1. Could you please give the count of residues in segment 178-200 that are part of a loop (DSSP other than H, G, I, E, B), out of contact with any Pro (no Cβ under 6 Å at 6 or more places or on another chain), buried (at least 24 other Cβ atoms within 10 Å of the Cβ) and not β-branched (Val, Ile, Thr)?
2. Every residue in segment 371-420 that is β-branched (Val, Ile, Thr) and in a helix (DSSP H, G or I), please.
3. Kindly indicate whether GLU335 is closer than 23 Å to SER299 by Cα and modelled with pLDDT of 95 or more.
4. So which residues in segment 165-179 are within 12 Å of the ligand (Cβ to nearest atom) and either of a type in the set (Lys, Arg) or over 8 Å from the mean Cα position of the chain (by Cα) (or both)?
5. Return yes when ARG347 is among the charged types (D, E, K, R), open to solvent by less than 70 Å² (accessible area, probe 1.4 Å) and part of a helix (DSSP H, G or I) and no when it is not.
6. Suppose we keep only residues that are within 11 Å of the ligand (Cβ to nearest atom) and more than 14 Å from ALA169 (Cβ to Cβ) within segment 97-124. Which one would you say is surrounded by the fewest Cβ atoms within 10 Å (Cβ to Cβ)?
7. What helices (runs of 4 or more DSSP H), lying completely within segment 214-329, carry at least 1 residues that are in contact with a Pro (Cβ under 7 Å, 6 or more places away or on another chain)?
Amino acid sequence: MIDLTICEALEKLKSGELSATELTRAYLDRIEKYGDELNCYITRTPERALADAELADKHYADGTARALEGIPIGMKDLFATRGIRTTAASHMLENFVPEYESTVSQKLIDAGTVLLGKTNLDEFAMGTFSKTSYFGAPVNPWQMERKLTAGGSSGGSSSAVAGGLCMAATGTDTGGSIRFPSAITGLVGMKPTYGLCSRWGCVAFASSLDTPGPIARTVDDAALMLSAMAGHDDKDSTSESAGFNAHTPLESILGDGKKLRIGVIRELNNVKISDDMQKLFNDRIADLKSLGAEIVEVSIPNILDALAAYYIIAPAEASSNLARYDGMRYGLRVEGSDLIDTYKKTRAAGFGDEVQRRMIIGTAVLSSESYEVYFMQAARVRRMIADSFNAAFEQCDLIICPTSSGTAMPLDSDLTPLEYYALDMFTVAMNLAGIPACSVPAGIAQNGLPLGLQVMGKRFDDLRVLQLAKHIEQFAGVDNRPTKIMGK
Ligand code: GLN
């Protein structure tokens, strides 16, 4: 049962072959068995899940089933959930129980999903291996004995979906946090157009970059999840009215004489990637050509500066967003000798090293001496990158590139902060430009681990992005059934 995709499970739920309660129990059992080892959930909500499932079964019985009725999901623990603690994987919010529901999680409730729990992540979504979590890092279900990273920051979500501890999960992507974890766990991770999914009720990291989106096993499943999550929200001033509504199975956009121009980015040709990634990239391009796609080289002249711009803009916004955790209103409070001392003690105890590093960088680049030379310069680079993507999409319909240079690394890899930042090489530019980008399995490397490719489109071209991703998925044919990955 654990190996069913969402599309397959919905068929069985509709026909009555399977009940939502049976399905939910199967997932709760699996969480019971492997939840500790994978450390993919911070908080489990079995009672809520069974109540959701019971309601779903009623809806099926009386013919009022909604789009994702009875589908058990995980929720990244960055989305506020009413009455369920929401930690952002930080000591600062360890005991925070919101009185409100984020828009995205509310939409998933309204679509009939079953909530299994809150998934692990990097503290405040800052990181790449989910190692900055106050609750310890989640583990990649692939070659589990090797204790590889499931990626970050949505590493609990990728670990849970790949291991079969939920059917799909939410993620957020500020600089790659949906796509990188998905790529190295053999999953589909969709970062939609900025503004398509509301950020309201989602703990803020860098507000002009933060993008909620789904992590799922197949492109069709991701499209179904995104359809439920997207939509205009009056409570988020950057929310767009476009909405998203996919009918699955997604239509093919290649073959039968359909012409599609697919761009590859010239400046990335010289970036070092593993031989496996290079081979899979070439293979998938050859496959797409065989279906009649035309491959065109496009130029994003400043793409190699995207990392530097991102690591100025994201910390700048983070330093401002995280100023609210001062021990006064909610979250941790450590009493000091006076007000200032209380601030200091609270923030020193509540935030981990990486979060503190980001706030220091952010505060520095926003200071009056540095604002013009760092922050404004980064903002200009950001504008140039967005303009170059717009120009590139005059020459091609969609663009593809690797999601990462290589496969999942061991959790105990000893990297410097800059080496971690460099792993975001292929993902941050799309956040700076606000364009949709989907990581889809590209194939399996020599070492038996999965690798992903990204498909990008112009703003609001999310559907076409997913449609091309589906072609790549079919060519790659990666078997990501959880019982196969875990061998149990
Ligand atoms: N790894 C990037 C960072 O640490 C991206 C994180 C994210 O997308 N939330 O900032």
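The values are calculated or read from the model by the stated rules, or taken from the named source; none is laboratory data. Fair warning: this is a prediction, and the values are worked out from it, not measured in the lab. Cβ placement follows ideal geometry from the backbone for every residue including glycine, while neighbour counts extend to all protein chains displayed. Heavy atoms of the whole protein, side chains included, go into the accessibility calculation; ligands, DNA and RNA do not. Shrake-Rupley method; radii C 1.70, N 1.55, O 1.52, S 1.80 Å.
1. 4
2. VAL373, VAL381, ILE385
3. no
4. Passing the criteria: THR174, GLY175, ARG179.
5. Here the answer is yes, as ARG347 does meet what is asked.
6. GLU123
7. Ranges flagged: 219-229, 275-290.
Each row is one residue, and each column tells you yes or no for (1) on the phi > 0 side of the Ramachandran plot; (2) among the hydroxyl-bearing types (Ser, Thr, Tyr); (3) surrounded by fewer than 24 Cβ atoms within 10 Å (Cβ to Cβ).
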| residue | (1), (2), (3) |
| --- | --- |
| LYS33 | no, no, yes |
| TYR41 | no, yes, no |
| ARG48 | no, no, yes |
| ARG66 | no, no, yes |
| ILE71 | no, no, no |
| GLY74 | no, no, no |
| THR81 | no, yes, no |
